[in-house]
Amino acid sequence: MKEDTPFASFVRGFFENPLATAGFVLLCVVIVVALFAPWISPQNPYDLGKLDLLDARLPPGGQYLLGTDGQGRDMLSAIFYGLRVSLLVGVASGLIALTLGGLLGVLAAYVGGRFEQLLMRVVDIQLGFPAILVALILIAVLGKGVDKIIIALVCVQWAYYARTARSAALVERSKEYIEAARGLGLSRARVMLRHLLPNALPPLIVVGTVQVAHAIALEATLSFLGLGLPTTEPSLGLLIANGYEYLLSGKYWISMYPGVALLLTILSINLVGDQLRDQLNPRLQRA
Amino acid sequence: MTVYILRRLAQTLLVLFVTSALVFGGLYLVGNPIDILVNPAADEIEKARSAAALGLDRPILEQYGIFVKSALAGDLGKSFVFGRPALEVILERMPATLELAVLAMLISLGFGVPMGIFAGLYPQKNLSKFIMACSILGFSLPTFWVGLVLIMVFAVQLGWLPSTGRGPTTEVFGVALSIFSLEGLRYALLPAINLALFKLALIIRLTRAQVREQSLLDYIRFARAKGLPRRRVVGVHLLKNILIPLVTVVGLELGSVIAFAIVTETVFAWPGMGKLVIDSIFQLDRPVVVAYLLVVVFMFISINLVVDLLYSALDPRVRIAEAK
């Protein structure tokens, strides 16, 4: 027991919480499904030759486990493929925003002066507006497409990372190991990237999990509004939007099941993120 | 203080200017509104005539220059689609959005604060754990999908409430509002609940955190030691102190509710500003989109400023720093 590394005890602490464990397992399932969608789907939903219009809008059960949509597409397969697009957009935008915002935030804390003031003013102004509004403006301006929506989501999210990275770096900057590294005559860039940045990472990771969940939800919302992805690459949000017209006639499955998949994805990320925050938050460690 | 407000106002102008330039230029690049507005069968001469009538034949910089000049005089341009001043079209839809936002805020406060206080006072009870689990769920549920589920359950399956649209309106102080009649409320209930859910989760968490923090402090212990009934300690002493941060958040969230109404209004076909702007984006009705964003951004900045000022008035410990 005593030989536990910090990482091992961190892992043990994480799995002591049943909710977080459930979230983690669920998240693994979601990721595996998204990664292997082409191999585990019963049907390739975008191979038009395989679709049969006579099978359109079949209720769940029988040949199609979750029913079919208006074009006779198997919903289960469509959800697997949609999950892929949703996760790709969420994770890619999260990683880019983390890198960009993290670097800018650490740089601001390290350089200070005019640069820091200007950057933080921009961050403050941007965070004063709800993400959906900023994303809507950007998408209206940029147009549709996977790349466009990733750009819009990065623009929405970078500010959260920048603010977190700066405050973490401000705390770390005054610590002795930074002084020691400088005393060794290391270059400023090296001290910042190899010494300061890694130590400012934990809070960034916490913000990251929350933000990826947000990004996935935001992309789904924009796609639902018809402003996100093109119809050739339907994410979960677009699948839900496609089912909207059939909802009032009682054909619930076309938008209900993609919604459940979206909910489970976001929920699992939030559960994991919640636990990570509790564990990485120094203020709660005393208790 | 005056310097502070002046600086904030200058900042506001800058943000409005940047937003308008960005959206103006962006929408110009996205597509030509003439292609959508004019009958596709029309010939080139016809198209050119409509473009000239709307001022779309001029270079973009000149168009923007004209826009800024008239915007400073309070004229945000005419809608391409409606043929009326864009600001007028938006203000006409504003009451519908505002009544939805206020109703949603009341719902989330009315349920969120008591639930949060309960979860904060008795963190070990099963009901508290259930409330907190629900609040995580509330954060994770995508708003538009919840809207669909609500429609499906309460309108399609049970048939209790109407699925979409806004009920009959009554004139209240010259503004057409629907929530003051029973029939109107029936229409407003589902969208308002939908809009409230996310905020409800937030308010529960915030209230709980505040209650847990405050109930450990000396003044609460002292009030208890004085032998005051529990109801009074919680209802007066505790509540007063958790209200300050709550007021700030509620103020700021009101703005975000108005922004999120875009989604709810689209799901429930509620004829508010949000639905209008989504339609306008599709129709490339640039004046309406730009005017909507300017109105919302302005509302936002004003709310933020008022909250900041209120905060320093409510809590003397927070003094606004004078300009250096």
Using only alpha-carbon positions, what ratio does the radius of gyration of the stretch A:173-287 give when scaled by 2.2 N^0.38 Å?
1.64
What is the Cα convex hull volume of the protein assembly as shown when expressed per residue in Å³?
228 Å³
Here the stretch A:198-246 gives, from Cα atoms, an Rg and Dmax in Å of 14.8, 51
Nearest 10, in degrees from 0 to 90: the angle of helix B:182-214 to the longest Cα principal axis of chain B is 50 degrees
Taking just the C-alpha trace of chain A, give me its Rg and Dmax in Å.
22.2, 75
Okay, which of the stretch B:51-82 sit inside 19 Å, backbone N to the point 7 Å along the Cα-Cβ direction of B:Phe17?
B:61-76
Final fewest-first order of B:Glu92, B:Glu171 on the 10 Å Cβ neighbour count is B:Glu171, B:Glu92
Principal axis dimensions, largest first and in whole angstrom, of the stretch B:84-149 by Cα:
59, 23, 14
What's the longest piece of chain A with no exposed GluC sites (Glu not before Pro), counting a site as exposed if DSSP puts it in a loop and it has at most 13 other beta carbons within 10 Å?
A:17-287
Once the Cα atoms of chain B are picked out, what are the Rg and Dmax in Å?
24.1, 87
Under 13 Å from a point 7 Å along the Cα-to-Cβ line of A:Leu19: which residues of the stretch B:90-133 have their amide N that close?
B:119-120, B:123-133
Say each of B:Val236 and A:Leu118 gets a label point 7 Å from the Cα, pointing the same way as Cα to Cβ; how far apart are those two points in nm?
5.6 nm
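Based only on the alpha carbon positions, what is the Kirkwood hydrodynamic radius of the stretch A:142-183, in angstrom?
Taking the inverse mean of 1/r over all distinct Cα pairs, the stretch A:142-183 comes out at 12.7 Å.
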Per the Kirkwood formula over distinct C-alpha pairs, the hydrodynamic radius of the stretch A:154-235 in angstrom is 15.1 Å
Taking a ≥ b ≥ c as the square roots of the Cα gyration tensor eigenvalues, with a/c under 1.5 meaning rounded and otherwise prolate when a/b beats b/c, else oblate, which class fits the stretch B:260-315?
oblate
Could you work out Rg/(2.2 N^0.38 Å) for the stretch B:173-324, with Rg from alpha carbons only?
1.39
Relative pair counts by distance (%), Cα atoms of the stretch B:75-214, 10 Å bins:
12, 30, 29, 21, 7, 2, 0
Cα-Cα pairs in the stretch B:164-246 separated by more than 15 Å, as a whole percent of all pairs, come to 69 percent
Quick one: plug the Kirkwood hydrodynamic radius of the stretch A:71-158 (C-alpha pairs) into Stokes-Einstein at 25 °C, 0.890 mPa s, and report D in µm²/s.
165 µm²/s
With a sphere of radius 13 Å drawn around the Cβ of A:His195, what net charge do the other residues whose Cβ falls strictly inside it have (Lys, Arg +1; Asp, Glu -1)?
+3
What range in chain A is the longest one free of trypsin sites (Lys or Arg not before Pro) that are in a loop by DSSP and have at most 11 other Cβ atoms within 10 angstrom?
A:3-285
Under 5 Å between amide H atoms, partner at least 5 residues away or on a different chain: which partners does B:Thr170 have, H built in plane at 1.01 Å?
B:Leu177, B:Ser178, B:Phe180
Lys pairs in chain B, Cα-Cα under 26 Å, at least 8 apart or on separate chains: how many?
10
Placing each pseudo-label 7 Å from Cα in the direction of the beta carbon, B:Ala269 and B:Leu121 end up separated by a distance in nanometres of 4.5 nm
Note the angle between two axes, namely the Cα long axis of helix B:60-72 and the longest principal axis of the Cα atoms of chain B, as a number of degrees from 0 to 90, rounded to the nearest 10.
50 degrees
What nm value, rounded to one decimal, do you get for the distance between A:Arg188 and A:Gln71 when each label is placed 7 Å out toward the C-beta?
5.5 nm
Mind sorting B:Phe260, B:Phe154, B:Phe222 by how few other Cβ atoms lie within 10 Å of their own Cβ, fewest first?
B:Phe222, B:Phe154, B:Phe260
Where is the GNM fluctuation largest for chain B (alpha-carbon springs, 10 angstrom cutoff): B:Met132, B:Met152, B:Met115?
B:Met152
What residue among B:Tyr64, B:Tyr187, B:Tyr292 shows peak mean-square fluctuation when chain B is described by a Gaussian network model with Cα springs under 10 Å?
B:Tyr64
Leading residue at positive end of dipole, the protein assembly as shown (Cβ point charges), from A:Leu100, B:Met115, A:Val156:
B:Met115
Neighbour-count order for B:Glu44, B:Glu62, fewest beta carbons within 10 angstrom listed first
B:Glu44, B:Glu62
Summed over the other residues with a beta carbon less than 12 angstrom from that of B:Leu252, with K and R at +1 and D and E at -1, the charge totals -1
I'd like the trypsin sites (Lys or Arg not before Pro) in the stretch B:103-166 restricted to DSSP loop residues with at most 12 other Cβ atoms within 10 Å, sorted by number.
B:Lys125
For helix B:239-268, report the angle its Cα long axis makes with the longest principal axis of the Cα atoms of chain B; keep it between 0 and 90° and round to the nearest 10°.
40 degrees
Evaluated at 4 °C and 1.567 mPa s, the Stokes-Einstein D of the stretch B:209-297 based on the Kirkwood radius over Cα pairs, in µm²/s, stands at 79 µm²/s
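Each value in this text was obtained by applying a stated rule to the coordinates, not by laboratory testing. On a predicted model such as this, the values are computed, not experimentally measured, just so you know. With ideal geometry, Cβ positions are generated from the backbone for all residues, glycine too; neighbour counts draw on all protein chains shown.
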